[in-house]
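Note sheet for the following structure.
The values are calculated or read from the model by the stated rules, or taken from the named source; none is laboratory data. All values derive from a computational prediction rather than experimental measurement. Neighbour counts run over all protein chains shown; Cβ positions are idealised from the backbone, glycine included.
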Amino acid sequence: MSRLLERYRNEVVPSLSKELGRKNALSLPRVQKVIVSMGVGQASQDRKRLEEASGHLTKLAGQKAQITRARQSIAGFRLREGMEVGCRVTLRGQRMYEFLDRLISIALPRVRDFRGLNPKSFDGHGNYNMGLTEQLVFPEIDADKVSNIHGMNITVVTTAENNQEGHLLLKELGMPFREN
C-alpha cells in the first residue's frame, strides 16, 4: 500500500471527521484522480519534441501518456484542427497516491525559490490546479538526456464540495500551501 494512502486512512480521515463534524468516513472528501498534462507548442514543427515530452510523462506517471490533439484551428498559431499539441495522463488508485507522494515529498522541495503553493488555485468545487515550469524536478528524469524543457499542469480532482474542504484535505495530506 502506498505511504500516502496509508496516511490518509490512519491520520487524515480521523482528523477530517473531527474538523468537519461527520462520522461517516465515506462522506469525507478524498482524492478522486490526478491529471498531469504537458502542452508542446513546437510539436507541429518538430515531432521529436512531442515524443520526448510523452516519454518523460510516461516515466513520471508509470503509465503510457495519451497524445492530445487540437480541437479547433487557430491561424495566428499556425494550428489546424486535429494536429498533435500535447500529452496527458490520468492517474487513479495506487499510481495516483504514489505520484502525489513523490510530488509532495521529492519534487516540490526541489523547485527553485519555492515558497509554497498558491492556496487560491482552487476551482470552486474543491479541485486544485498547479503548474510546474520544468520536468527536471522529478528524480526519474535524467537532466543530461533532456534536450527540451517542458512545463506541466497538474490537476488534483477531489470529492470535496467546496474550496475549504478541498484545501483542508490537501493540507492534511501534506501539500505545502503558502501562508497568507
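With respect to S17, determine if the residue is in contact with a Lys or Arg (Cβ under 7 Å, 6 or more places away or on another chain) and within 14 Å of L169 (Cα to Cα).
yes
Those residues that are within 16 Å of I35 (Cα to Cα) and assigned to a loop (DSSP other than H, G, I, E, B), I need them from the stretch 97-122; list them, please.
S121 - this is the single residue of the stretch 97-122 that is within 16 Å of I35 (Cα to Cα) and assigned to a loop (DSSP other than H, G, I, E, B).
Tell me, which residue of the stretch 75-126 that is surrounded by 13 or more Cβ atoms within 10 Å (Cβ to Cβ) and among the acidic types (D, E) is farthest from Q63 (Cα to Cα)?
That would be E84.
Among R49, R71, which is the only one that is modelled with pLDDT under 90, surrounded by fewer than 12 Cβ atoms within 10 Å (Cβ to Cβ) and not aromatic (F, W, Y)?
Every option except R71 fails the conditions.
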